[in-house]
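Enquirer: The structure's right below; bear with me while I get my questions together.
The values are calculated or read from the model by the stated rules, or taken from the named source; none is laboratory data. On a predicted model such as this, the values are computed, not experimentally measured, just so you know. FYI the Cβ positions are ideal-geometry reconstructions off the backbone, even for glycines, and counts take in every protein chain you see.
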Amino acid sequence: MKSQGNDPRFPVFIADEGLNFKKHVFDDPKVLGRQLIEAADGHPVDEHVAIAILPNGDFEDIRLDESYDLRGRGAEKVLVARTDRVFKFKIDDKDLEWPRACISGFVLRKLADLPENYNLWQEIPGQQDRKIADSDVINLDAKGVERFISLIDQTTEGDTLPSFDQTFLVDHGYQFDVVQEGRETGIILKSLDLPEGKFNEEAADILVLLPAGYPDCAPDMFYASPHLTLASGQVPKACTVQYNYAGRVWQRWSRHNNAWRPGIDGLRTMVARIKTALAEARP
């Protein structure tokens, strides 16, 4: 990293295993790995490693007596960590270990051997899962075993669908689209099978609109296309209103959701309620 202003010295941010970064300044642009470790109070020095965190998220080891040039490398951050422990974590169903408390998203992707069209997500109990970027640095020393899942990127406008919802839909064989229109995000379940002999159609597309606070806030109602009538020709109760979305006219099924458990409920819950509403539909 180049010096700033009139200061001829060379700064670098050094993190401990808790990912706490502290600015250090060196007079010489070339420093040894052991100097970086000593600056971070890593003792004994030979039980620690210095690791440059590159802009693309990759890690580069700096040997104890290796001269490392702080100029023009683009590596403004260095991690100092002990090497006498292993840290366990899971990617999908694989149990993996890493010799340092910190790992980058780039390295996680390499370990998982992910195709380019897959994203990596960190499971966070009780909260929306976090999408991992290559440049992210994750602390593996937190309580419990860190868990990551890989999912194909099926969203059309950003990361609007939590990974646990994607996992549910993919694992259960649902075909779906994520559509962004204005401020509304819609999940379209494609060709959902309907109860046999109950309606004028055997299958229909079902639209669920996600509120701004989802998954902490519950979706309300759902929508069908094409319009459904019962086998008798009658329209199901509370299904007479039309709704325009994504260039299509949908039949609104007014089924309000009065119970929702943040951190527990999601599309799994909503799909179950939709199936129940369809099965119990009456004039």
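Enquirer: Which of (1) touching a helix residue (DSSP H, G or I) at 6+ places or on another chain (Cβ under 9 Å); (2) part of a loop (DSSP other than H, G, I, E, B); (3) charged (D, E, K, R) does GLU38 not meet, given it meets every other one?
Expert: With respect to (1) touching a helix residue (DSSP H, G or I) at 6+ places or on another chain (Cβ under 9 Å); (2) part of a loop (DSSP other than H, G, I, E, B); (3) charged (D, E, K, R), GLU38 is out only on (2).
Enquirer: For the range 219-228, check the following and say yes or no: at least one residue is out of contact with any His (no Cβ under 8 Å at 6 or more places or on another chain), in a strand (DSSP E or B) and within 28 Å of PRO125 (Cβ to Cβ).
Expert: Yes - at least one qualifying residue is present in the range 219-228.
Enquirer: Provide a single number: the residues in the range 94-118 that are under 12 Å from the mean Cα position of the chain (by Cα) and at pLDDT 80 or above.
Expert: Total meeting the criteria: 1.
Enquirer: Residues to consider are ASP134, ASP141, ASP159; find the one that is surrounded by fewer than 19 Cβ atoms within 10 Å (Cβ to Cβ), acidic (Asp, Glu) and at pLDDT below 85.
Expert: The unique qualifying residue is ASP159.
Enquirer: Let me ask another. Keeping to the range 229-265, report how many residues are at pLDDT below 95, in a strand (DSSP E or B) and among the aromatic types (Phe, Trp, Tyr).
Expert: 2
Enquirer: Please identify the pairs in which a residue from the range 196-214 that is surrounded by fewer than 17 Cβ atoms within 10 Å (Cβ to Cβ) has its Cβ atom under 7 Å from the Cβ atom of a residue that is small (Gly, Ala, Ser) and in a strand (DSSP E or B), counting only partners at least 6 apart or on another chain.
Expert: Within 7 Å, the pairs are ALA203/SER191.
Enquirer: Counting only residues that are more than 17 Å from ARG252 (Cα to Cα) and surrounded by fewer than 18 Cβ atoms within 10 Å (Cβ to Cβ), how many does the range 168-190 have?
Expert: The number of residues fulfilling the criteria is 12.
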